[in-house]
Every structure is written in C-alpha cells, then in structure tokens.
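Structure, as structure tokens:
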Amino acid sequence: MLEYLKKIAPHELDGVTVTIHAMPDQPSTMPEVARYQVDKNAKTIKLFRIPIERLGHHHPGDRWYERMVIESVVIKAVAELIGTDPWRLMPGKEPWA
C-alpha cells in the first residue's frame, strides 16, 4: 500500500519514514489505543501492530478483510501526514493532483 501511495503522491511522501512498533507509548487514561502516530515535522509515521491486529473488527480466517483493515490504517496515517482527505488516496479514485 505504501508503494502505491508513493506513486500517486511522490513529492508529498519524499523522505517519509514509516516504522512498525508493537504498541504506542501512551498513558492508560487515553480513551482508545492509537493505531498510528504521525510526526509532520520529522516526516515519520509509526504504525502500531498489536492495536491494528487485535483491536480492529477482524473476521477470523478472512485474509482479504484483514488486509483491508491494515491498508485503511496506512491510508489514514498518510493522509494525516500530508494533510488531505483519506478518500482522495484510496485506490480507484481520481489521480492525485
């Protein structure tokens, strides 16, 4: 998914670093567990594997649905980083402009 996003928004994603971490470092008083964290100044996205895998609405044994959930988190994180609506980045939409 990230390669697709880099193709449609190469200038906006130039130099962006994406890393995968087990869990976010956040206080237990937060209302929900973060799936990702964006730092616009550092041009970084941190994806949190366990919340994405375990707290999503997964269908057991449905690999396609699991992939869709993961890709939606990546799209939301990239959209937040570059300041656009996530729907503009979805596959099948108008070319990035």
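A cut-off of 5 Å between modelled amide H atoms, ignoring neighbours fewer than 5 places along the same chain, links His21 with Leu47, Phe48, Arg49.
Computed with a 1.4 Å probe on the full set of protein chains, the accessible area for Ile70 sits at about 70 Å².
Each residue of the range 32-40 is assigned a 3J(HN,Hα), and the resulting list reads 8, 7, 5, 8, 7, 9, 10, 10, 5 Hz, derived from the Karplus form 6.51 cos²θ - 1.76 cosθ + 1.60 (θ = phi - 60°), x at Gly and Pro.
Its DSSP H runs of at least 4 residues, each contributing -39,500 (n - 2.57), put the calculated 222 nm mean residue ellipticity of the chain at -10500 deg cm²/dmol, to the nearest 500. The 1.4 Å probe gives accessible areas that order Val78, Val18, largest first, as Val18, Val78.
Taking all protein chains as they are arranged and a probe of 1.4 Å, the heavy atoms of His21 leave approximately 70 Å² accessible to solvent. Ordered by solvent-accessible area of protein heavy atoms (1.4 Å probe), largest first, the residues Arg67, Arg49 come out as Arg67, Arg49. Counting heavy atoms of the protein chains alone, Met30 has an accessible area of about 100 Å² for a 1.4 Å probe. Note that the range 9-14 has calculated 3J(HN,Hα) couplings of 9, x, 6, 5, 9, 5 Hz, one per residue in order, obtained from phi through the Karplus relation 6.51 cos²θ - 1.76 cosθ + 1.60 (θ = phi - 60°); glycine and proline are x. Computed over the range 15-79, relative contact order equals 32 percent, with contacts defined as Cα pairs under 8 Å that lie 6+ residues apart. Our estimate of slack between Met68 and Lys40, defined as 0.36 nm per intervening residue step minus the Cα-Cα distance, is 7.6 nm. Solvent-accessible area per residue in the chain equals 71 Å², computed with a 1.4 angstrom probe and all protein chains kept.
The values are calculated or read from the model by the stated rules, or taken from the named source; none is laboratory data. The structure displayed is predicted, hence computed values, not measured ones. We work out accessible area using only protein heavy atoms, side chains counted, and drop any ligands, DNA or RNA first. Shrake-Rupley method; radii C 1.70, N 1.55, O 1.52, S 1.80 Å.
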